[in-house]
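Step one of this worksheet: look at the structure below.
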Amino acid sequence: MDWRELDSATCSIARTMTVLGEPWAMLVLRDVLNGVSRFDDLVDHLGIARNVLTRRLTTLVRAGILETREYREPGRRTRHEYRPTAVGRDLRPVLLALMAFGDRHRAGPEGAPAVVVHDCGAEVHVREVCDDGHVLAPSDRVRITPGPGARRRSA
């Protein structure tokens, strides 16, 4: 079956982008994964408008990517902080791939602004590996074949 014959709305990338394709969504997720969990801290670190952040956090929580936890500071009302769920943590390789692309193609003359390091001290890199253990090079050809959820495009 030719790729153009498939309904692109069933594509997992298209479905994911309905949540993560909103402006600021990936940066909010990046910050939460890096421990910036409180609303005011996110506003300050990202330089994002409060109403936009509220919408992004609501979307990410509804999608099951983030969850909220209540906290209270003395003399203040109960507030929420945001934590990644298991679903949100599954997006770490996506962020690492975007970061690697940016480091390779969008970094300034000084180089990468951040380096991801494992607890052992070694740098972390995202790699494409097939089920037989072959590490793919960027020049390797791959093809996408219809999966069980694919459906034909209606005319």
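The values are calculated or read from the model by the stated rules, or taken from the named source; none is laboratory data. As the structure is a prediction and not an experimental result, all values here were calculated from the model. Cβ sites come from the backbone with ideal geometry, for glycine too, and all protein chains shown count toward neighbours.
Taking the condition surrounded by fewer than 13 Cβ atoms within 10 Å (Cβ to Cβ) and closer than 22 Å to residue 20 by Cα, does residue 105 pass? Yes.
Beta carbons closer than 7 Å, at least 6 apart along the sequence or on distinct chains, pair a first residue in region 83-102 that is among the β-branched types (Val, Ile, Thr) with a second that is at pLDDT 95 or above for 85/64; 85/65; 85/66; 85/67; 87/64; 87/65. Annotation note: Cβ proximity below 8 Å between a residue of region 1-16 that is farther than 14 Å from residue 146 by Cβ and a residue that is modelled with pLDDT of 85 or more and hydroxyl-bearing (Ser, Thr, Tyr) (sequence gap 6+ or interchain) occurs for 14/8.
Would you call residue 147 over 23 Å from residue 36 (Cα atoms) and at pLDDT 95 or above? Answer is no for this residue. Within region 118-155, the set of residues being part of a loop (DSSP other than H, G, I, E, B) and either of a type in the set (Lys, Arg) or in contact with a Pro (Cβ under 6 Å, 6 or more places away or on another chain) (or both) comprises 126, 127, 141, 143, 151, 153. When residues in region 114-134 are screened for being β-branched (Val, Ile, Thr) and over 23 Å from residue 12 (Cβ atoms), 4 of them pass.
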